[in-house]
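The values are calculated or read from the model by the stated rules, or taken from the named source; none is laboratory data. Everything numeric here is computed off the predicted structure, so don't read it as measured data. Here Cβ is always computed from backbone atoms with ideal geometry, including for glycine, and neighbour counts include all displayed protein chains. Keep in mind that these areas ignore ligands, DNA and RNA; they rest on the heavy atoms of the full protein, side chains included. Shrake-Rupley method; radii C 1.70, N 1.55, O 1.52, S 1.80 Å.
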Amino acid sequence: MKITQEEVHRIARLANLRLTAEDTARYARDLEEILDYVDQLGELDTSGVEPMAQVLHEGNAAPLRPDDPGRSFEQATALRCAPLSGAGHFKVPRVIER
Amino acid sequence: MPALEAGLADPATIAMYEPVIGLEVHIQLKTRTKIFSHSTHRFGQSPNSQTDPVVLGLPGALPVLNQEAVSLAIGASLAINCRVNGFSRFARKNYFYPDLPKGYQISQYDQPLAEHGWLDIRWEEGSKRVGITRLHMEEDAGKTVHDGYSDSPRYSYVDLNRAGAPLCEIVSEPDMRSADEAVAYLNELKQVIQFSGASDCDMEKGQLRCDANISVRRLGDPEFGTRSEIKNLNSFRFVKQAIQYEIARQVAVLESGGTVFQETRLFNTARGTTTSMRGKEDSHDYRYFPEPDLPPLVVTADRLASIREELPELPPAMRARFLEQYRISEYDARVLTSSVETARYFEQAAKSAGNSKAAANWVQGELMGALNAAGKNIEESPVSADALGGLVALVEQGTLSGKLAKQVFAKMFATGKSAKEIVKAEGLRQISDAGELDGIIGKILDSSPKQVAQYKGGKKGVLGYFVGQVMRATRGQANPRVANQMLRKALDG
């Protein structure tokens with residue numbers, strides 16, 4: 001399947017990636033190969049097979065958790081790995097509301 | 001790309017269009033812990049003090065679904081007449097924003113928990129049934145603070161206490177045709193969800209949040225217009241304002257030959273306007289896919305039946321019962337079922353009073369008036385339901401006149417004492433005893449020869465003067481009906 005440069009750019013934008021021209025060409029080729037492989041899988045006749053979204057407990061009830069509080073992280077612990085913090089908050093480069 | 005801003009249309013022009021409104025309401029479920037992990041989500045705690053590995057999206061942390069969240073969401077689904085699916089699935093909604101450390105929100109997509117519901121709504125001009133498309137479960141995001149700090153121009157502050165709180169999102173059909181209908185729907189939705197016990201729906205704590213989808217079309221046009229989505233509506237007043245503004249804006253755009261863009265707009269609470277968020281077109285591509293970390297959610301018929309059985313009485317059924325059992329008006333029944341607490345209070349007061357219609361009037365009149373003035377909820381009322389019932393009973397027995405009862409009520413509200421205690425302490429009771437009133441009436445007639453002559457001369461209206469004198473002489477305690485009869489007898493006889 002042919003993947004255009006524009007499609008690669010769009011996917012990169014959605015994934016928050018900045019690509020060089022070189023990257024773009026390489027990813028277009030990689031994505032094409034991946035999709036070709038998926039097409040190959042599509043040759044199998046799966047008309048009698050139930051769709052399966054994940055392998056965990058498929059068809060069984062999800063294990064549920066009782067609503068009992070456990071220990072929360074201390075504020076300082078929660079923030080320890082943050083590159084920037086202040087006033088008990090994580091600090092991130094300013095984002096516009098969306 | 002900025003939308004064409006053509007101002008607002010006038011009412012006559014707006015009247016040539018039909019608005020089409022659908023609402024998406026997020027409701028926080030009343031659990032102790034988060035939807036997929038064990039930290040709490042209490043309101044008003046210090047920032048980032050309620051997190052855990054799942055909430056922070058730490059490597060290797062896995063979500064496990066909260067059983068109580070599922071039960072409450074099923075209860076909410078039944079309260080809005082939805083069909084609960086025996087099999088539903090969670091999905092990842094992918095987007096980058098610092099309020100979600102994982103880079104995706106766990107939600108439900110193509111197989112939601114419940115579908116095909118409805119609510120009957122009533123507003124000033126009419127009533128109708130509003131369809132509900134679906135109810136699905138999802139996790140809440142954290143809170144991002146954009147101002148208030150010295151470095152706010154450069155940094156946003158993120159608090160993840162709310163991240164992972166359990167939500168249900170309820171999506172209506174585009175069945176509403178005015179801002180009033182939308183508000184009526186929200187009111188009804190809030191009430192039934194509160195009664196179901198799924199959430200307190202306290203908007204000030206963000207437990208109920210609303211987005212509105214709005215479009216307009218020429219009257220008679222079978223096609224819907226292009227809709228915009230208004231976010232950030234956190235009070236019913238804002239919902240009404242935003243919808244009215246957006247209708248007038250869209251009509252003006254169309255009338256000036258422009259195009260309404262499908263876009264997300266933010267309601268500006270200070271100006272009462274909506275403004276385009278001008279997000280990138282493709283930011284709406286959330287690339288949903290089934291959540292690999294969570295197995296499907298299975299609700300067995302037994303589980304569903306037991307939740308249905310345990311569901312408390314809901315407002316529509318309660319209103320019908322009130323009409324039947326207490327013989328009150330439909331309006332009264334609506335007011336008295338406006339919250340679980342109000343309904344409970346009224347029923348207890350009616351029981352103690354022995355006269356439910358009178359109890360209904362007292363609850364809606366004096367009590368709610370006093371609570372409003374004091375800025376209190378009915379749960380905080382200094383006058384208990386039994387105490388109010390006791391007061392009403394004293395009126396019913398003729399011990400207190402309506403006027404005296406109001407004075408007694410004010411003292412009950414101020415002191416928390418019972419009506420009987422106050423009546424006893426102040427010597428307040430209605431004088432209905434003829435022997436007691438006889439002397440007083442005699443004195444008044446003796447001292448008012450002029451008025452007596454007027455009455456005897458045919459000016460029957462003077463009777464009111466005498467009743468007033470009797471009330472004055474007894475400090476309002478005389479039974480006016482008895483005084484009236486006795487005066488008439490004395491003067492006519």
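The table below lists the values:
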read-out	value
Nearest 10 degrees, 0 to 90: helix A:21-41 Cα axis against chain A principal axis	70 degrees
Net charge contributed by nearby residues that have their C-beta within less than 15 Å of A:Glu32 (K/R +1, D/E -1)	-4
Segment B:Gln485-B:Gln454, length gained on full extension (0.36 nm per residue, minus Cα span)	9.3 nm
Whole-number percent relative contact order across chain A, with pairs defined as alpha carbons under 8 Å at least 6 apart	18 percent
Buried area at the B-A interface (accessible, heavy atoms, 1.4 Å probe, summed, Å²)	4400 Å²
Number of partner chain Cβ atoms within 10 Å, mean per residue of B:150-157	5
Residues with amide H under 5 Å from that of B:Glu18, placed H, sequence gap 5 or more	B:Arg217, B:Arg218, B:Leu219
Solvent accessible area, Å² - B:Asp151, 1.4 Å probe, full protein context	20 Å²
J(HN,Hα) series, region B:140-155, from Karplus relation 6.51 cos²θ - 1.76 cosθ + 1.60, nearest Hz, glycine and proline x	7, 9, x, 10, 10, 9, 9, 8, x, 10, 4, 9, 4, x, 10, 10
Exposure of A:Glu43 as accessible area (Å², to 10), given a probe of 1.4 Å and all protein chains	150 Å²
Whole-percent carbon and sulfur share, accessible surface of the protein assembly as shown, 1.4 Å	51 percent
Given charges at Cβ of Lys, Arg, Asp, Glu: the protein assembly as shown dipole, positive-most of B:Val383, B:Leu208, B:Tyr185	B:Val383
Viscosity 1.567 mPa s, temperature 4 °C, Stokes-Einstein D of region B:434-492 from Kirkwood C-alpha radius, µm²/s	115 µm²/s
Cut-off under 5 Å, modelled amide H: who pairs with B:Thr474 long-range	none
Heavy atoms of A:His9: accessible area, 1.4 Å probe, square angstrom to 10	80 Å²
Sequence-separation-based contact order of chain B, relative, with Cα cut under 8 Å and 6+ spacing, percent	15 percent
Cα-based Rg and Dmax for region B:354-451, where Dmax is the largest Cα-Cα distance (Å)	16.6, 55
Relative contact order for region B:11-301, counting Cα pairs under 8 Å that sit 6 or more residues apart, in percent	25 percent
Cβ-placed point charges (K, R +1; D, E -1), dipole of the protein assembly as shown about Cα centre in debye, nearest 20	3580 debye
Distant-in-sequence amide H partners of B:Tyr95 (H built 1.01 Å from N, under 5 Å)	B:Tyr104, B:Gln105
Average projected area [Cα convex hull, region B:11-301], square nanometres	16.6 nm²
HN-Hα J in Hz across region B:345-356 - Karplus 6.51, -1.76, 1.60, θ = phi - 60°, x for Gly and Pro	4, 4, 4, 5, 5, 5, 5, 6, 7, x, 9, 6
Per residue value of the accessible surface for region B:11-301 (all protein chains in place, 1.4 Å probe), Å²	40 Å²
Formal net charge of residues neighbouring B:Glu313 (Cβ-Cβ distance under 12 Å; K, R +1; D, E -1)	+1
Cross-link reach list, lysines versus B:Lys417, counting only Cα pairs under 21 Å and skipping chain neighbours closer than eight places	B:Lys351, B:Lys376, B:Lys403, B:Lys406
Residue-count net charge about A:Pro66 - beta-carbon cut-off 11 Å; Lys, Arg +1, Asp, Glu -1	-1
Near-label residues of region B:393-414 by backbone N, under 14 Å of a point 7 Å along Cα→Cβ of B:Lys376	B:409-414
Cα-Cα separations in the protein assembly as shown greater than 45 Å, expressed as whole percent	36 percent
³J(HN,Hα) computed for each position of region B:40-57 - Karplus, 6.51 cos²θ - 1.76 cosθ + 1.60, integer Hz, glycine/proline x	7, 9, 6, 7, x, 8, 5, x, 6, 9, 10, 10, 7, x, 5, 5, 7, x
